[in-house]
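Report on one structure; see the data block that follows.
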Amino acid sequence: MVHFESVCPLRSSSIRTSWNRLVMQAIQVDNISKSYGKISALKSVSFQVEEGELFGLIGPDGAGKSTLFRILTTLLLADSGEGHVAGNHLLRDYRKIRRIVGYMPGRFSLYQDLSVEENLSFFATIFGTTIEENYGLIKDIYVQLEPFKKRLAGQLSGGMKQKLALCCALIHRPEVLFLDEPTTGVDAVSRKEFWEMLKKLKQKGIAILVSTPYMDEASLCDRIALIQNGEILTINTPEGLMTEYDLPLYAVKYDDTYQLLKGLRKMPYTKSVLPFGDSLHLTVEAETPVSKITEYLTDLGFENAEIRPISPTVEDIFLELSRRTESKND
Ligand SMILES: Nc1ncnc2c1ncn2[C@@H]1O[C@H](COP(=O)(O)OP(=O)(O)O)[C@@H](O)[C@H]1O
Ligand SMILES: [Mg+2]
């Protein structure tokens, strides 16, 4: 077989360049900042979401997640920086963006006093489409709602509301889906089902940016950005994130957790110690032998304390990275 490149190298490199330009990101965020008066809600945030990618934005209340969603769905202007959604510029092409994105803005996206069916046809109508036209896309989700189609949205359970809101955000077959905390306040079973639905949507080629305050949902995304106080702490795959924790970590347990916490805080090798359920997660300086910790605890009278090396959770990584960012900012 003759390669095109070997026949015509110049031509082929220029084709490659334009091809690279053609392979556009679903979302491109470049140094976006936003303040509300003195509150700096986003501080030069940058990241990209690939086509067909399920990208999670994980951070606590007040991290800046909703602000970023509002900017990317063109409902709010950034103070500085630039962004593109499916190759469309946030300012220049805002009308186009509004047509091609689906947005589920957390709590108040449904009309509580319209029925399930009425909510769906309302959203279909404002996008100039019909339920029938794009039924294929929402079918798997809507079948679960069908038995309740005459019920008012306000009378649905949390999980059902989320499913309906997702159907409404999908009814015009968007290219990019923005879901702001879709699983907050939803029971564990519905949360699991919701993520299953997102996986299926992703397989249909829809790029998804989803925010959550639940650190354990990180593993369900292709990539995640951890965000706090308007700053991205890291962007990684769930597996890659685990390798960012490069210090020894132990779970330490003792009857009196509070006294143990006070004791460990004063230990010279301690980098951080935080309560996690009924134990403490202790991070120590690299290369501290466990015998040093045992010795220290015994000297303080915590003879029966249980010390066990553990792998970090996403929460451990989040706390460690935010500690590092805070000390860098000080
Ligand atoms: N309309 C607003 N006016 C003033 N401050 C706001 C407004 N919206 C958000 N904030 C503040 O901006 C920060 C980021 O908020 P938000 O984007 O809602 O974060 P998240 O969605 O992660 O909870 C918070 O400190 C919040 O109090
Ligand atoms: Mg929010």
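The values are calculated or read from the model by the stated rules, or taken from the named source; none is laboratory data. As the structure is a computational prediction, the values presented were derived from the model and not from experiment. Note that we place each Cβ from the backbone using ideal geometry, even for glycine, and neighbour counts take in every protein chain shown.
Some notes on this structure:
Okay, residues lined up against (1) out of contact with any strand residue (DSSP E or B) (no Cβ under 8 Å at 6 or more places or on another chain); (2) modelled with pLDDT under 95; (3) buried (at least 22 other Cβ atoms within 10 Å of the Cβ):
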{"residue": "LEU152", "(1), (2), (3)": "no, no, no"}
{"residue": "SER157", "(1), (2), (3)": "yes, yes, no"}
{"residue": "MET160", "(1), (2), (3)": "yes, yes, no"}
{"residue": "ILE208", "(1), (2), (3)": "no, no, yes"}
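- Residue count for the stretch 274-313, restricted to those that are surrounded by fewer than 20 Cβ atoms within 10 Å (Cβ to Cβ), within 30 Å of ILE227 (Cβ to Cβ) and aliphatic (A, V, I, L, M): 3
- Hits in the stretch 162-183 - residues which are within 16 Å of ligand 1 (Cβ to nearest atom) and either over 20 Å from GLY59 (Cβ atoms) or not hydroxyl-bearing (Ser, Thr, Tyr) (or both): PHE178, LEU179, ASP180, GLU181, PRO182
- Evaluated against (1) in the same structural domain as ASP61 (by TED's automatic domain parsing); (2) at pLDDT 95 or above; (3) hydrophobic (A, V, I, L, M, F, W, C), MET215 falls short on exactly one condition, (2).
- Candidate set: the stretch 22-54, residues that are closer than 14 Å to SER80 by Cβ and not polar (S, T, N, Q); chosen: the one farthest from ligand 2 (Cβ to nearest atom): ASP30
- Where GLU320 falls short, out of the listed (1) surrounded by fewer than 16 Cβ atoms within 10 Å (Cβ to Cβ); (2) part of a helix (DSSP H, G or I): (1)
- Test: residue in the stretch 256-266 that is in a strand (DSSP E or B) and surrounded by 17 or more Cβ atoms within 10 Å (Cβ to Cβ): no
- Residues that are part of a loop (DSSP other than H, G, I, E, B), within 27 Å of the chain's Cα centre (by Cα) and hydrophobic (A, V, I, L, M, F, W, C), drawn from the stretch 105-138: LEU110, PHE127
- Checked against the criterion of being at pLDDT below 95, more than 16 Å from ligand 2 (Cβ to nearest atom) and closer than 18 Å to ILE310 by Cβ, the candidates TYR258, TYR245 yield just one match: TYR245.
- Residues being in a helix (DSSP H, G or I), surrounded by fewer than 22 Cβ atoms within 10 Å (Cβ to Cβ) and more than 16 Å from ligand 2 (Cβ to nearest atom) - total across the stretch 55-104: 6
- Residue match in the stretch 289-299 (condition: in contact with a Ser or Thr (Cβ under 7 Å, 6 or more places away or on another chain) and closer than 15 Å to LEU264 by Cβ): no
- Residues considered: GLY102, GLY106. Of these, the only one that is within 16 Å of ligand 1 (Cβ to nearest atom), of a type outside the set (A, V, I, L, M) and either modelled with pLDDT of 95 or more or under 30 Å from LYS34 (Cα atoms) (or both) is GLY106.
- Among the criteria (1) more than 16 Å from ligand 2 (Cβ to nearest atom); (2) without any contact (Cβ under 8 Å) to a residue 40 or more places away in the chain; (3) more than 22 Å from THR234 (Cβ to Cβ), the one TYR111 does not fulfil is (2).
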